[in-house]
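Step one of this worksheet: look at the structure below.
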Amino acid sequence: MQKGVKFRIYPSKSQRSLIDRTLGCVRLIYNKGLDMRKTSYEQGQRCGYKQTSSMLTTLKLQEDFSFLKEVDSISLQQSLRDLDTAFKNFFSHRSFYPKFKSKHDNHQSYRTINQQDNIRFAGEYLKLPKLGYVKIKQSMPVGHIHNVTVEKTPTGKYFAVLNVDFEPEDRPNAGCVVGIDVGIKDFFSDSNGNTIENPKYLEKTEKKIVREQRRLSRKQKGSNNRNKQRIRVARVHEKITNQRNDFLQKTSTMLLRENQTICIEDLNVKGMVRNHKLAKHITSASWSKFFSMLEYKAEWYGNEIVRVPTMYPSSQTCSICGYKNPIVKNLSVRAWKCPNCHTKHDRDKNAAINILKMGMLMTANNLVG
């Protein structure tokens, strides 16, 4: 297997300058390739990766673009491959039409490939093409490196994301089965009656974000003070992201260590965020990312994730007698009593039990996947 590992790097002043120039060159080549393909399409001509790659070779021979020879050549080629992938995704209706990259985008990156061991660790340093040995904070051992993505964040930090070989170790679990129902008040409730509180990192930091954004709006555009304030705003958002990722990683790992099979609801999160009253809270909870973590970790360690269909009325159905109560469709109903068997239900716990039952039924009937 392969996985990505992210380490912070500490380039010197000259290395930072070269990284920034590489980012600029990668953006230039991507935009020129996009312009070339767009123009060719309007003229009814064929243009793909091969033609844009020839364009790059021609540019390097021109005196006005001699600076392209100073940066990693593989990263320039990779930007054209990324452009080709973007067009394939567009024609397959998986994404929108590719857009031109802007130098005002404060989160930028470029990717390069490991060829003849030109990317490797050497003690506290990582050797990268053109950059040489860059100081790195390595927190875990890694396998063979296939490629590396160098990132510059809005706060001015630099990271190396390594794509490496990965052999997952056997991780025993308690062998239990559980159904979970995600929510906003509680991050999730499970079929055993346990709940995990939603930390709401975004909501708790909202006043600070508003204050820092207001200060940013008062700074003169193009000034150093505005750039300093922009970094302060970015740091607030970066902290929220780090807190959320840490919570999601620990929670997903905890679930997989305790259970062999986890049943979840196949939510249409993209459609749910169209509800403007709940969009911010749904986005803050990051359900999609949480489910994604559960699935790739389950693949690593041999657990099973069962997705229950979206339209299954888990909240409305009585987990005891199966009576469907249409009143519970209203989200304001947090607890209800079954009119048929008179059982009192907590909305989320009842939904989790129903999700578990449906997941086990799907597994028994081989309907998973």
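The values are calculated or read from the model by the stated rules, or taken from the named source; none is laboratory data. Since we're looking at a predicted model, the values are computed, not measured. As a convention, Cβ positions derive from the backbone with ideal geometry for all residues, glycine included, and neighbour counts pool all protein chains shown.
Do we find that Lys135 is touching a residue at least 60 places away in the same chain (Cβ under 8 Å) and either in the same structural domain as Pro11 (by TED's automatic domain parsing) or in a strand (DSSP E or B) (or both) in this structure?
yes
All but one of (1) surrounded by 14 or more Cβ atoms within 10 Å (Cβ to Cβ); (2) over 22 Å from the mean Cα position of the chain (by Cα) hold for Pro172; state the number of the condition that does not hold.
Of (1) surrounded by 14 or more Cβ atoms within 10 Å (Cβ to Cβ); (2) over 22 Å from the mean Cα position of the chain (by Cα), only one is false for Pro172: (1).
So for the stretch 115-127 (the condition being crowded, with 17+ Cβ neighbours inside 10 Å and under 30 Å from Gly222 (Cα atoms)), does at least one residue qualify?
No, the stretch 115-127 has no match at all.
Residues that are β-branched (Val, Ile, Thr) and surrounded by 15 or more Cβ atoms within 10 Å (Cβ to Cβ): find the helices (runs of 4 or more DSSP H) completely inside the stretch 203-290 holding 2 or more of those.
Values: elements: 206-217, 224-258, 269-272, 279-285.
Per the criteria, 224-258.
Can you tell which of Ile184, Ile180 is in contact (Cβ under 8 Å) with a residue 12 or more places away in the chain, of a type in the set (A, V, I, L, M, F, W, C), under 24 Å from Ser284 (Cβ atoms) and in a loop (DSSP other than H, G, I, E, B)? So that I can check it myself, show each step before the final result.
Working: Ile180 fails: in a loop (DSSP other than H, G, I, E, B).
Just a single option satisfies the conditions, and that option is Ile184.
Assess whether Asp105 counts as being outside the structural domain of Lys297 (by TED's automatic domain parsing), more than 30 Å from Asn303 (Cα to Cα) and exposed (fewer than 15 other Cβ atoms within 10 Å of the Cβ).
When the stated conditions are applied, Asp105 passes them.
Matching residues to (1) charged (D, E, K, R); (2) within 19 Å of Gly156 (Cα to Cα):
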position	(1), (2)
Glu212	yes, yes
Gly222	no, yes
Arg232	yes, yes
Leu248	no, no
Asn268	no, no
Leu278	no, no
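Tell me the residue from Ser73, Ser109 that is among the small types (Gly, Ala, Ser) and over 21 Å from Ser54 (Cβ atoms), please.
Residue meeting the stated conditions: Ser109.
Based on this model, can you work out whether Glu151 counts as touching a His at 6+ places or on another chain (Cβ under 8 Å) and in a strand (DSSP E or B)?
On the way: touching a His at 6+ places or on another chain (Cβ under 8 Å): yes; in a strand (DSSP E or B): yes.
Criteria met by Glu151.
Here are the criteria: (1) closer than 30 Å to Asn354 by Cα; (2) surrounded by 12 or more Cβ atoms within 10 Å (Cβ to Cβ). Tell me which single one Gly193 does not satisfy.
(2)
Suppose we filter Lys88, Lys99 for residues that are part of a loop (DSSP other than H, G, I, E, B) and surrounded by fewer than 18 Cβ atoms within 10 Å (Cβ to Cβ); which single one remains?
Exactly one of Lys88, Lys99 is part of a loop (DSSP other than H, G, I, E, B) and surrounded by fewer than 18 Cβ atoms within 10 Å (Cβ to Cβ), namely Lys99.
Looking at Ser75, is it buried (at least 18 other Cβ atoms within 10 Å of the Cβ), within 30 Å of Lys157 (Cβ to Cβ) and within 29 Å of the chain's Cα centre (by Cα)? Working first, answer last.
Numbers: buried (at least 18 other Cβ atoms within 10 Å of the Cβ): yes; within 30 Å of Lys157 (Cβ to Cβ): yes; within 29 Å of the chain's Cα centre (by Cα): yes.
Against the criterion (buried (at least 18 other Cβ atoms within 10 Å of the Cβ), within 30 Å of Lys157 (Cβ to Cβ) and within 29 Å of the chain's Cα centre (by Cα)), Ser75 qualifies.
Identify, by number, the condition in (1) at pLDDT 95 or above; (2) under 30 Å from Val26 (Cα atoms); (3) among the hydrophobic types (A, V, I, L, M, F, W, C) that Val142 doesn't meet.
Every listed condition holds for Val142 apart from (1).
I'm checking my understanding of the structure. Among residues of the stretch 314-341 that are part of a loop (DSSP other than H, G, I, E, B), of a type in the set (A, V, I, L, M, F, W, C) and in contact (Cβ under 8 Å) with a residue 12 or more places away in the chain, which one is surrounded by the most Cβ atoms within 10 Å (Cβ to Cβ)?
Cys318
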